[in-house]
Every structure is written in structure tokens, then in C-alpha cells.
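A.B. asks: Can you read through this structure? Questions will come right after.
The values are calculated or read from the model by the stated rules, or taken from the named source; none is laboratory data. Source: prediction; values computed, not measured. Every residue, glycine among them, receives a Cβ derived from its backbone with ideal geometry; neighbour counts consider all protein chains shown.
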Amino acid sequence: MKKFVLAAAAVLFVMPAVQAADDPVATRKAIMQSVAASAGLSGGMMKGEIAYSPAAGKAAIASLNAAALSFGAFFPAGSEAAPGTTASPKIWEDSAGFAAALAKFSAATGAAAQASGKDGPADVDALKAAVGPILASCKSCHEVYRVQK
Amino acid sequence: MRRKILTGVLVAGAAVAAAGWVLTAPRPLSSAALAALPDGDPQRGEVVFHAGGCASCHAAPGAKGEDKLKLAGGLKLATPFGTFVAPNISSDPNDGIGGWSKADFANAMLAGVSPDGAHYYPAFPYTSYARMTPGDVMDLQAYMQQLPAVAGKAPAHDLGFPFNIRRGLGLWKLANLDPAPMVTVAAGDAVLERGRYLVEGPGHCGECHTPRDAIGGLDRSRWLAGAAAPTGEGRIPNITGGEGGIGSWSAADIAYYLETGFTPDFDSVGGEMVAVQENMAKLPASDREAIAAYLKAVPALADGR
């Protein structure tokens, strides 16, 4: 029985990966939507529109960190002209620059994850300090590597 | 008889040519307007500089921080009319505009006329800047005189016929250079008037956010309704309250976006708007609130894209 559960769990984990490889555009969009949701949660707490909780801060940061580490894997050659994509052709023309922008994103999320610790950032100021550099990296990447449509 | 017809044709042709020559003549500001130009204040000019977004085109592409104040030009704007190259407007007296008189600067900004009396192409958005106050224009010049002098001229524009004939811009200006306000706002509402001034004047928002006609004039009936990007790839969004626009954004959302670069659903600013947003972030909060109030007041139009 235990083996079956493990196998089922393994299948569950493998399945999305298979789908992701099939549709990188849908996958990278889903990841970016999770980034927007986490940024929205963080921003709402920073603006005082959502009551602050360290657990919510931790969840937002963890989600941003997972996104930063995985996002770059879903821009295979050939996915630049996909219908509905807002990815700029510059991602493929200047792959080193795009990699550097992703590295900036994941460096910021990694530092935030480290700072948030086991219980999450203690207060809104701690959240601001952790998430601020992440939010700054959104803009610098979108300035060059996304097309407005 | 034949000679009479020929003479008539020649006379008519000459009249048309003469009228065309008169109509296309560059029209600098009146001597009275030039004589009334105030002295500029460089400190006040800094806000005008950011509101006007000068660095977005005239600093080196991709410049950040202090490098945004080195206005050597060189940015290429690829358009259906050809490629415009932003000129050097640094304080260098030879390659830039450091040697310009107050009248030279005011004629460029408010009339689109160069110091040697030629038309500027409207890639330089004097169609919007013409709505600026002479005081702001002079403050801007005073501020820019204090910025670094950078040697080196930018390459010339690369335009196809007939757009390479500057004189022809005289006709274009007759149709398109009109400093009257685009939107009527409640008289005496200082916030809306300030917002209108910033958006329609120095901010020159309409130059990208409003669709253009076949000869590159703004379609005034679709003010701020979104457009194909005037240069390069992509689309410029509708910033009215109409369908496809920002009707769901509150005034506070707009001001927050201009300050931080985040939309209400926490998408971030991108593309050429990043530089614009970073300039808007340098304005006083009251100016961002005025812009937001104005954008909530403009007529709501369906997406112009």
C-alpha cells in the first residue's frame, strides 16, 4: 500500500512536468500569474489594504522564490512566436541578458526566503525589506524582455 | 490662344507654388512673445525635465542613474516614415544646444522651429510641448544648461521621400500643430487643470497613447484610446475609462502605478513605459494625483488598437 502511495505521488509530481514540456507558454504564464498573485498579496499588505501576517508574507516569498527558480526553463527555442505570448524576441536574441535578468530575480527571492526564516518576516517593514528588491526586478526584466500587446 | 492658355497655366502654377511656399514657411514665435520670455530657474526646471521625459529619448539607450543626464542623443526611432535619430541636446555648445539663446529654445519647444529657421520633425513632440507655459520652458532650459556637456553629434535622420523634405512639414503643422486643450475640464478645478497640463503638455502622453492617421497626425477623436506603437513592436494601451482601458482603476491606483510601476493586479510596468514611470516617480505626489484625476475625467473611448 505504501509503495502504491509513493508511486501515485511520483506520478502526480511527474505528470505536470510532462504537460509543462508540452506547453511551455501555458506553463510560464501560470508561473507568472503566481508571481503577480504573490506580489499582489505582498503589495496589499505593504499598502495596508490587507492585514499583515508573517505566514502570508512567508507564503508570498516562497512562491516568488519557486517561480524565480523555475521560470527560465520554459522558454525553449521555437516558443517565441506562440500565439498570445508577450515574451519579447529579445529573450532568444540576447539569451545571456535574459539569464542575467533571471539571476537577478532569483538572487532577490533567495535572499528574501533566507531573511523570512521559519516563521516569515516579523512585520510589514521586514516584508518591505525582503520583497522590495524582488519587485524592482520585475520592472527591469519587463522593460526589455516583454512586449506590450 | 494657345499662348494665352499656356500663360494662364504658368501663372496659376506659379500662384499655387507661391501659396505653397507661404503655407509651408516655418513660423517662429512672435517677437512680442520672445521679448516676454522670463528668466529660467534651474531648480524648478528639474521637475519640468522629468515631466517632459527628455532623457527617455535623448540619453543613451538603456542609460540608468546619472547617465540619464547625459543627453548626447543617438536613440533610433524606427517609424513608417523612416528612422529618426534623437539629436544631442546636452549643454555642449557645438554638438549640443548649450549655445542656444532663450528664443532658440522657446522656438524649438513651442513652435517646432530650429535656430536656423527650419521645421523640426514631430518625432520631437513639440505638438504637445506647444501647450507648455513659457515659464516652464525657460526653467527647463536653465536646468538643462547645468547638465553635462557631451561632445559628438548623433547621426542624421534616415527618411524616405517625401518625408525627407522638411519644408513640407509646414503643411503638416497647419493640420496638426494646435496648442488648444484636448479635453474640457471644469473651469477653476486646479487639480484637473494641472493634470491636463501635465498629460497634454510636457508629459506628451497622447503622442504614444493616441492613434495616428496616415500622415502621422494624432486622431483627436480617439484621444488616449491606445494605439499601435509608433516605433518598433507592440501596442500602447488605452488609458481612458472605455472598454479595454483603465476604467476599473481608481485614481489612487493610477497614482500608485505612476509611483511604483505596479498595476492594481500587480502586473509591472514594461517596455518604454518603464522610463516614463521612473520619471513620473520623481514628480511631487500632488502631480501624480493630478494626472490620475485628469485620466479619470477624459472621455471614455473603446480601445483604439
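A.B. asks: Kindly indicate whether residue B:104 is over 30 Å from residue B:18 (Cα atoms) and of a type in the set (D, E, K, R).
C.D. replies: On the way: over 30 Å from residue B:18 (Cα atoms): no; of a type in the set (D, E, K, R): yes.
Answer is no for this residue.
A.B. asks: So, one more: Scan B:134, B:80 and give me the residue that is surrounded by 17 or more Cβ atoms within 10 Å (Cβ to Cβ) and not aliphatic (A, V, I, L, M).
C.D. replies: Values: B:80 fails: surrounded by 17 or more Cβ atoms within 10 Å (Cβ to Cβ).
Selected residue: B:134, the only one of B:134, B:80 that is surrounded by 17 or more Cβ atoms within 10 Å (Cβ to Cβ) and not aliphatic (A, V, I, L, M).
A.B. asks: With the checklist (1) within 15 Å of the chain's Cα centre (by Cα); (2) away from chain A (no Cβ under 14 Å); (3) not β-branched (Val, Ile, Thr) in hand, flag the one item residue B:230 doesn't pass.
C.D. replies: (2)
A.B. asks: Does segment B:202-223 contain at least one residue that is part of a helix (DSSP H, G or I) and free of Cβ contacts under 8 Å to residues at least 24 places away in the same chain?
C.D. replies: Within segment B:202-223, one or more residues are part of a helix (DSSP H, G or I) and free of Cβ contacts under 8 Å to residues at least 24 places away in the same chain.
A.B. asks: Determine whether residue B:55 is in a helix (DSSP H, G or I) and either among the hydrophobic types (A, V, I, L, M, F, W, C) or surrounded by fewer than 10 Cβ atoms within 10 Å (Cβ to Cβ) (or both).
C.D. replies: yes
A.B. asks: Can you confirm whether residue B:273 is modelled with pLDDT of 95 or more, within 16 Å of the chain's Cα centre (by Cα), within 26 Å of residue A:38 (Cβ to Cβ) and among the hydrophobic types (A, V, I, L, M, F, W, C)?
C.D. replies: Judged against the criteria, residue B:273 is not a match.
A.B. asks: Now a separate question. Please indicate, with yes or no, whether at least one residue in segment B:253-260 is more than 16 Å from the chain's Cα centre (by Cα), outside any helix (DSSP H, G or I) and of a type in the set (Gly, Ala, Ser).
C.D. replies: Among the residues of segment B:253-260, not one is more than 16 Å from the chain's Cα centre (by Cα), outside any helix (DSSP H, G or I) and of a type in the set (Gly, Ala, Ser), which makes the answer no.
A.B. asks: For segment A:43-56, does any single residue satisfy the condition of being at pLDDT 95 or above, buried (at least 19 other Cβ atoms within 10 Å of the Cβ) and under 30 Å from residue A:99 (Cβ atoms)?
C.D. replies: No, segment A:43-56 contains no residue that is at pLDDT 95 or above, buried (at least 19 other Cβ atoms within 10 Å of the Cβ) and under 30 Å from residue A:99 (Cβ atoms).
A.B. asks: Somewhere in segment B:282-305, is a residue surrounded by 22 or more Cβ atoms within 10 Å (Cβ to Cβ), under 28 Å from residue B:163 (Cα atoms) and either in the same structural domain as residue B:122 (by TED's automatic domain parsing) or in contact with a Ser or Thr (Cβ under 9 Å, 6 or more places away or on another chain) (or both)?
C.D. replies: For segment B:282-305, residues surrounded by 22 or more Cβ atoms within 10 Å (Cβ to Cβ), under 28 Å from residue B:163 (Cα atoms) and either in the same structural domain as residue B:122 (by TED's automatic domain parsing) or in contact with a Ser or Thr (Cβ under 9 Å, 6 or more places away or on another chain) (or both): present.
A.B. asks: Continuing with this model, one more query. So which of B:259, B:243 ends up being within 14 Å of another protein chain (Cβ to nearest Cβ) and over 17 Å from residue B:197 (Cβ atoms)? Working first, answer last.
C.D. replies: Working: B:243 fails: within 14 Å of another protein chain (Cβ to nearest Cβ).
Residue meeting the stated conditions: B:259.
A.B. asks: State all residues of segment B:277-294 that are touching a helix residue (DSSP H, G or I) at 6+ places or on another chain (Cβ under 7 Å) and of a type in the set (Asp, Glu); if no residue qualifies, say none.
C.D. replies: B:287, B:289
A.B. asks: Looking only at segment A:57-86, filter to residues that are in a loop (DSSP other than H, G, I, E, B) and in contact (Cβ under 8 Å) with a residue 24 or more places away in the chain; which one of those is surrounded by the most Cβ atoms within 10 Å (Cβ to Cβ)?
C.D. replies: In this case the residue turns out to be A:75.
A.B. asks: Go through the residues of segment B:82-100 one by one and say whether even a single one is in a loop (DSSP other than H, G, I, E, B) and either of a type in the set (Val, Ile, Thr) or in contact with a Phe, Trp or Tyr (Cβ under 7 Å, 6 or more places away or on another chain) (or both).
C.D. replies: yes
A.B. asks: Let me ask something else. Determine which single condition residue A:65 fails, assuming it passes every other condition in (1) touching a Lys or Arg at 6+ places or on another chain (Cβ under 7 Å); (2) more than 14 Å from every other protein chain (Cβ to nearest Cβ).
C.D. replies: Of (1) touching a Lys or Arg at 6+ places or on another chain (Cβ under 7 Å); (2) more than 14 Å from every other protein chain (Cβ to nearest Cβ), only one is false for residue A:65: (1).
A.B. asks: Do we have residue B:194 as assigned by TED's automatic domain parsing to the domain that holds residue B:278 and part of a helix (DSSP H, G or I) here?
C.D. replies: Yes: the conditions hold for residue B:194.
A.B. asks: Here's something else I'd like to know. Looking at B:77, B:174, B:147, which one is outside the structural domain of residue B:211 (by TED's automatic domain parsing) and either charged (D, E, K, R) or closer than 23 Å to residue B:26 by Cα (or both)?
C.D. replies: That would be B:174, the only listed residue that is outside the structural domain of residue B:211 (by TED's automatic domain parsing) and either charged (D, E, K, R) or closer than 23 Å to residue B:26 by Cα (or both).
A.B. asks: Pick from segment B:1-46 the residues that are β-branched (Val, Ile, Thr) and free of Cβ contacts under 8 Å to residues at least 60 places away in the same chain: which of them is nearest to residue B:116 (Cα to Cα)?
C.D. replies: Step by step, filter segment B:1-46, then rank; the result is B:22.
A.B. asks: Right, something else. Only residues that are in a helix (DSSP H, G or I) and either free of Cβ contacts under 8 Å to residues at least 60 places away in the same chain or touching a His at 6+ places or on another chain (Cβ under 8 Å) (or both): list them for segment B:261-285, please.
C.D. replies: Residues satisfying the conditions are B:273, B:274, B:277, B:278, B:279, B:280, B:285.
A.B. asks: Do any residues in segment A:32-50 that are closer than 11 Å to residue B:266 by Cβ have Cβ atoms under 6 Å from those of residues that are of a type in the set (Val, Ile, Thr), where the two are at least six apart or on different chains, and which pairs are they?
C.D. replies: Hits for this filter: A:42/A:131; A:44/A:50.
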